[in-house]
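Inspection log for the structure reproduced underneath, given as structure tokens.
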Amino acid sequence: MDNPIIMNKYSIERTLGNEIKPYNYDEFVKNFKINIISRSESDLEFDLVGIDVAVANSLRRVILSEVPSMAIEKVHIYQNTSYILDEILAHRLGLIPLKADPRQFKMKEDENSEPNEHDSLVYEMKIKCTRKDLDALAHKQFISFPVYAKHIKWLPLGNQKDIFTEKDVGIINDDILIAKLRPGQEIELKMFAVKGLPKDHAKFQSVCTAWYRMMPDIKLLDEIKGNDALLLQSCFPKGVIGLKSVKGVLNAFVEDSRKDNSSRNVFRYKQFDNKILLSKIQDHFIFTIESVGAMDPSVIFLEALNILIKKVNSASESALNQTEI
């Protein structure tokens, strides 16, 4: 996009131009790019180039609210003599992330129907604290027995044992603290996990978070040398401004604008007035997805795209039907 967002000392200047250009499909295809910057089992950072902010924000909202996952929905508590109330314990269990891939399960049509291998997962936890358990703890200063997520065991339904292993549908993080017990206290319960949408409850979120920011753009309008170059470098995060020696004099240059956090600290110093231009590229978004762990972040991105495409198709069909009427 030709018109960047200019960042001034106390304001932001949107240089949108005097007219709105009509949408051109061929131009969009030519300019649109997705560049993967970094990728791991839980994190994905990529660039979306050549799209409008409305599309980027729609994608973010779909990832946060409409990509389904599996979570504990019901808890049958048979015994709970711990200090944690039943309601608090059930709520805490519901927020424990599960490894199960939601694409392998169906949405439960009736919440009161019996769980089956196609729409549910069942877990149980039976644990009791004795004086022997406390004596076995390595750290004697702890006077209670910790109950962790690793104490939750999977109970296969139907033919699930032939399809999954406990590693496939178990708990993602074994070290999540659930409760602490004293001698004689015990917890016995059964948990039922179903597939659900994050917009119904946050426990169904497939991501820790998903966000984007516009690509920063930094331009030096004049040479900055010597001590001013060192000062300029200190105004930005590490790696944004580089220094090179020219005839024994340090000269500042823009090394990597991407690392800038838009703090605008540089505007505190008068010697940099009219020497530097900070802006944002309006159609270049740095997108980050952090998965909870059940699905790869790239899969979450594709699922969100499919949902967004279905929404667009549905809106198009509705518009056509209204036109015909």
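The values are calculated or read from the model by the stated rules, or taken from the named source; none is laboratory data. The structure displayed is predicted, hence computed values, not measured ones. Don't worry about glycine lacking a Cβ; one is built from the backbone with ideal geometry, like all the others, and counts go over all protein chains shown. Accessible surface areas use protein heavy atoms only, side chains included; no ligands, DNA or RNA. Shrake-Rupley method; radii C 1.70, N 1.55, O 1.52, S 1.80 Å.
Would you confirm whether or not region 273-282 contains a residue that is open to solvent by 60 Å² or more (accessible area, probe 1.4 Å), touching a residue at least 12 places away in the same chain (Cβ under 8 Å) and over 27 Å from residue 34 (Cα atoms)? Spell out the reasoning first.
Taking region 273-282 and keeping what is open to solvent by 60 Å² or more (accessible area, probe 1.4 Å), we get 273-274.
Filter again for touching a residue at least 12 places away in the same chain (Cβ under 8 Å), leaving 274.
Within this subset, residues satisfying the condition of being over 27 Å from residue 34 (Cα atoms) are 274.
Checked against the condition, which is being open to solvent by 60 Å² or more (accessible area, probe 1.4 Å), touching a residue at least 12 places away in the same chain (Cβ under 8 Å) and over 27 Å from residue 34 (Cα atoms), region 273-282 yields at least one hit.
Quick test of your reading of the structure: residue 305 fulfils all but one of (1) over 28 Å from residue 102 (Cα atoms); (2) hydrophobic (A, V, I, L, M, F, W, C); (3) surrounded by fewer than 18 Cβ atoms within 10 Å (Cβ to Cβ). Name the failing condition by number.
(1)
Of these, 107, 7, 70, which one is surrounded by fewer than 17 Cβ atoms within 10 Å (Cβ to Cβ) and in contact with a strand residue (DSSP E or B) (Cβ under 9 Å, 6 or more places away or on another chain)?
Answer to the selection: 107.
Just checking, which of 310, 270 is free of Cβ contacts under 8 Å to residues at least 24 places away in the same chain, under 30 Å from residue 202 (Cβ atoms), open to solvent by 20 Å² or more (accessible area, probe 1.4 Å) and not β-branched (Val, Ile, Thr)?
On the way: 270 fails: under 30 Å from residue 202 (Cβ atoms).
That would be 310, the only listed residue that is free of Cβ contacts under 8 Å to residues at least 24 places away in the same chain, under 30 Å from residue 202 (Cβ atoms), open to solvent by 20 Å² or more (accessible area, probe 1.4 Å) and not β-branched (Val, Ile, Thr).
Listed residues 152, 224; which is under 20 Å from residue 89 (Cα atoms) and among the β-branched types (Val, Ile, Thr)?
Working: 224 fails: under 20 Å from residue 89 (Cα atoms).
Step by step, each of 152, 224 is checked, and only 152 is under 20 Å from residue 89 (Cα atoms) and among the β-branched types (Val, Ile, Thr).
Condition check: farther than 24 Å from residue 12 by Cβ and either of a type in the set (Val, Ile, Thr) or over 21 Å from the mean Cα position of the chain (by Cα) (or both). Does residue 224 satisfy that? Can you show your working first?
On the way: farther than 24 Å from residue 12 by Cβ: no; either of a type in the set (Val, Ile, Thr) or over 21 Å from the mean Cα position of the chain (by Cα) (or both): yes.
No: the conditions fail for residue 224.
Helices (runs of 4 or more DSSP H) wholly in region 51-161 with at least 1 residues that are out of contact with any helix residue (DSSP H, G or I) (no Cβ under 7 Å at 6 or more places or on another chain), modelled with pLDDT under 95 and among the small types (Gly, Ala, Ser) - which ones? Reasoning before the result, please.
Details: elements: 53-65, 86-94, 131-135.
In region 51-161, 53-65 are the helices (runs of 4 or more DSSP H) which contain 1 or more residues that are out of contact with any helix residue (DSSP H, G or I) (no Cβ under 7 Å at 6 or more places or on another chain), modelled with pLDDT under 95 and among the small types (Gly, Ala, Ser).
I need the full set of residues from region 25-50 which are open to solvent by 70 Å² or more (accessible area, probe 1.4 Å) and assigned to a loop (DSSP other than H, G, I, E, B), in order please.
Scanning region 25-50 gives 32, 41.
Given the criteria over 22 Å from residue 299 (Cα atoms), charged (D, E, K, R) and in a loop (DSSP other than H, G, I, E, B), does residue 175 qualify? Steps first, please.
Values: over 22 Å from residue 299 (Cα atoms): yes; charged (D, E, K, R): yes; in a loop (DSSP other than H, G, I, E, B): yes.
In short, yes.
From the set of residues in region 86-110 that are without any contact (Cβ under 8 Å) to a residue 60 or more places away in the chain and under 26 Å from residue 126 (Cα atoms), which is farthest from the chain's Cα centre (by Cα)?
86
If you check residue 247 against the conditions, is it more than 30 Å from residue 61 (Cβ to Cβ) and either touching a strand residue (DSSP E or B) at 6+ places or on another chain (Cβ under 7 Å) or surrounded by 11 or more Cβ atoms within 10 Å (Cβ to Cβ) (or both)?
Working: more than 30 Å from residue 61 (Cβ to Cβ): yes; either touching a strand residue (DSSP E or B) at 6+ places or on another chain (Cβ under 7 Å) or surrounded by 11 or more Cβ atoms within 10 Å (Cβ to Cβ) (or both): no.
Here the answer is no, as residue 247 does not meet what is asked.
So if I check each of 78, 83, which one is open to solvent by 50 Å² or more (accessible area, probe 1.4 Å), within 30 Å of residue 113 (Cα to Cα) and in contact (Cβ under 8 Å) with a residue 12 or more places away in the chain?
Numbers: 83 fails: within 30 Å of residue 113 (Cα to Cα).
Step by step, each of 78, 83 is checked, and only 78 is open to solvent by 50 Å² or more (accessible area, probe 1.4 Å), within 30 Å of residue 113 (Cα to Cα) and in contact (Cβ under 8 Å) with a residue 12 or more places away in the chain.
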